[in-house]
Each structure stands twice: as C-alpha cells, then as structure tokens.
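Following: one structure in structure tokens, then a few remarks.
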Amino acid sequence: MQINVTGRQFVITPAIQTQAENVLAVLDIPALRVTSVNAVMSREKNHFQVSLVLNCKYHTLKAEVEDFDLYRALDAAADKLEAQCRDLKEKMQDHQAAALSEVETENGQTE
C-alpha cells in the first residue's frame, strides 16, 4: 500500500509524516485490496482540514475533517475511513453465494 502525504500552506515535518503513516497503516485490509491512500492536509487561518482518499481495486473511499488540532483531525478522518472500509467489507461478504445445503435448511427442506 502506497501512502502519499501532502501539505498545503505548511510544511510536512517528519513527525507529521510518521504519525500519518502509522494511522493510515491500519487501513491496509487484504480483503479490499487497497492500492494507495492519499492524505492532503491544509492549513487555513486557525484550523486544519484533513482529506483522505483510499483507493481500492474497485472502490474509492473519501473522508474529510476540519479541526483546530492537526493530529486530532487526522485521527478523526482515519476513523471515518475505517468505518467506511468496515461497511464495505461487510457488504462484500454479505453478497457471497451461500452453499446450496445452507439454503435448503433455511427453507425447511431436507433431503
């Protein structure tokens, strides 16, 4: 998984870079086949905006958060993205085909 961290209106320090990589490394879910995560952090007058874009094989997930603390905004955006990943993974698992024997027992039919 490739992690890209970009800063607008401020410089990304090594501490911010490592924090972003540690937070976003949790999102590497094998079932979703994550290819890359782009983190864009921008500083406005007195607050920060963090925008995360996660690219999977067939899906793109996005999360945006504004806060006065950069680290708290990064954590909140990662939490939003993690919830979206969890929902997508559950949706993918729910659409899997069930075995014929399971379907027959649910309908009350036996051999």
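The values are calculated or read from the model by the stated rules, or taken from the named source; none is laboratory data. Since the model is a prediction, treat every value here as computed from it, not as a measurement. Virtual Cβ from ideal backbone geometry, glycine too; neighbours counted across all protein chains shown. Note: accessible area is taken over every heavy atom of the protein model, side chains too, but ligands, DNA and RNA are not part of it. Shrake-Rupley method; radii C 1.70, N 1.55, O 1.52, S 1.80 Å.
Of note:
- Filter result (acidic (Asp, Glu) and surrounded by 12 or more Cβ atoms within 10 Å (Cβ to Cβ)) within the stretch 1-56: 21, 28
- Tabulated pairs, the stretch 23-49, first in contact (Cβ under 8 Å) with a residue 12 or more places away in the chain and among the polar types (S, T, N, Q), second open to solvent by 30 Å² or more (accessible area, probe 1.4 Å) and not in a strand (DSSP E or B), C-beta under 9 angstrom, 6+ apart or interchain: 35/1; 35/57; 36/1; 42/9; 42/10; 46/68
- Among the residues here, residue 45 does not qualify as assigned to a helix (DSSP H, G or I) and of a type in the set (Lys, Arg).
- Filtered residues of the stretch 57-69 (kept if open to solvent by 50 Å² or more (accessible area, probe 1.4 Å) and either among the polar types (S, T, N, Q) or in a strand (DSSP E or B) (or both)): 60, 62, 64, 66
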